[in-house]
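Read the structure below first, then the notes.
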């Protein structure tokens, strides 16, 4: 059986792609993959060129390739924090995925240096403030007697606090899809229990319990 | 009691603001406001200038003002559909709010002409396709045995189908916060009942029921 690293190297040779490194990103890189997950690779090239490709390897895994040159990579990393200030829930951003990727093939130090330069968050406390403020706005919306609006708002409030918490822990990929998995690893067990139960049944909870939990979580974030 | 229109006109006079029109947008404009909702106004100015302002009127309503010149307004409207292709769930976009706003004061025909020009959606069927495709990706994620991931994915699948449905009905403001209210008005009663129950208890539903409902909804969209 040929491993994925060899397949990728062979792919680059046969397609005449000159590159700095190959990164595995997404769920496979952070260890949250399941049997349905694709393998997402980003190839940092020396020239601008081909943008994406998809194929199945010899074990029928779906391989997704993207190509990015070094200066476009730097652009993405540079703009990442500003982009986060503009987002509410669309947080599956390539720059975050890159920060939490794994180098599969590394030919020089260029990409490593860049990634190091943009870590940790430069505006961490402002970003945390932004997502806590966002959580408070959603909390205001949750005062409604409209049950579906209440549910949506509490959900988004919790999710926003989750984002603030993960930023405080230097988690860069903030995709809501995986928030609960990072929270499971990073939150104290009792706090995770409540987080999970609130996400599952939030609108059935008493307002006091939600407020108390939010305060506890904000305190943890600000520690 | 002085009404809001008079307050706004007086505000513009005393601040020397020359404008084409004043638009009421957001929940107050579409009739979904509750006692906690602000009044959001957009003033389309003749010059570039002041960006935002906030005050309480004589009845303690919070008035939020934004200012935009005509060419910036056109930019927003022109880019709106392309922006939607880039978004998953962050859909509370000013261009959509503008399309569903009410003219409170109108001094000429400029803004009306612009809004008409960018309606209805030029790429409606492609946008619908995008959000249905997105829904199908979330459906794939819902196959997971991770209960919170399942719940998130089904929720996002339903929401994505909701967006596709609302686009098919020429609803421009696609903010998820109000999706259920538009759906309540536009969906057949029996379809809304299921939509609501799936949003409330989605992860407890059988996969077959979710698939059947999704197919019914997609058929409605494509009618």
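Between residue A:122 and residue B:117, the modelled labels are 3.8 nm apart [label points 7 Å from Cα along Cα→Cβ].
Across segment A:4-117, the mean sequence separation of Cα contacts (distance under 8 Å, 6 or more residues apart), normalised by length, yields a relative contact order of 32 percent. Which value results for Rg/Rh of segment B:115-223 when Rg is the Cα radius of gyration and Rh the Kirkwood radius based on the inverse mean 1/r? With Rg and the Kirkwood Rh in hand, the quotient comes to 0.98.
Relative to the longest principal axis of the Cα atoms of chain B, helix B:124-141 runs at roughly 50 degrees. Between B:106, B:15, B:137, which gets the highest mean-square fluctuation from a Gaussian network model of chain B, Cα cutoff 10 Å? Greatest mean-square fluctuation among the candidates belongs to B:15. Over segment A:54-151, the fraction of Cα-Cα pairs per 5 Å bin, rounded to whole percents and listed from the shortest bin up, is 2, 9, 16, 17, 14, 12, 10, 8, 7, 4, 1, 0.
Roughly how compact is chain A, stated as its Cα Rg over 2.2 N^0.38 Å to two decimals? Could you put the intermediate results ahead of the total?
Numbers: Rg = 19.9 Å, N = 223, 2.2 N^0.38 = 17.2 Å.
Normalised by 2.2 N^0.38 Å, the Cα Rg of chain A equals 1.16.
So what is the 222 nm mean residue ellipticity for the protein assembly as shown from helices alone, if each DSSP H run of at least 4 adds -39500 (n - 2.57) and you divide by all residues, rounding to the nearest 500 deg cm²/dmol?
Numbers: 20 runs with 246 residues, N = 446.
Rounded to the nearest 500, the figure is -17000 deg cm²/dmol.
Against chain B, whose longest principal axis is taken from its Cα atoms, helix B:147-168 shows a tilt of about 60°. Could you tell me the calculated FRET efficiency between residue A:82 and residue B:59, based on Cβ-Cβ distance and R0 = 35 angstrom, to the nearest 0.05? Plugging the Cβ-Cβ distance into 1/(1 + (r/R0)^6) gives 0.40. What is the helix-to-structure angle for A:70-86, meaning the angle in degrees between its Cα long axis and the longest Cα principal axis of chain A, kept from 0 to 90 and rounded to the nearest 10? That works out to roughly 10 degrees. Contact order for chain B, expressed relative to its length and based on alpha carbon pairs under 8 Å spaced 6+ residues apart, stands at 18 percent.
What FRET efficiency comes out for residue B:169 versus residue B:206 if R0 is 25 angstrom and r is the Cβ-Cβ distance? Round to the nearest 0.05. Please list the in-between numbers first.
Working: r = 29 Å, r/R0 = 1.14.
After rounding to 0.05, the efficiency reads 0.30.
Seen through its C-alpha gyration tensor, with square-root eigenvalues sorted a ≥ b ≥ c, segment B:40-104 comes out oblate because a/c lies at 1.5 or above while a/b is not bigger than b/c. Antiparallel as a % of all DSSP beta bridges within the protein assembly as shown, to the nearest 5? If we restrict to bridges inside the protein assembly as shown, about 70 percent are antiparallel. According to the Cα-based calculation, Rg over Rh for segment B:4-117 is 0.96, with Rh computed by the Kirkwood formula.
Take the protein assembly as shown, drop everything but the C-alpha atoms, weight them equally and run the Debye formula without solvent; then report log10 I(q)/I(0) at 0.05, 0.08, 0.10, 0.13 Å⁻¹ to two decimals. Results for the protein assembly as shown at q = 0.05, 0.08, 0.10, 0.13 Å⁻¹ read -0.21, -0.54, -0.84, -1.35. GNM remark for chain B: springs join alpha carbons under 10 Å apart, and the peak mean-square fluctuation among B:194, B:30, B:128 falls on B:194.
Every number here is computed from the coordinates shown, using simple stated rules; none is lab data. Remember, it's a predicted structure, so these values are computed and weren't measured experimentally. Every residue, glycine among them, receives a Cβ derived from its backbone with ideal geometry; neighbour counts consider all protein chains shown.
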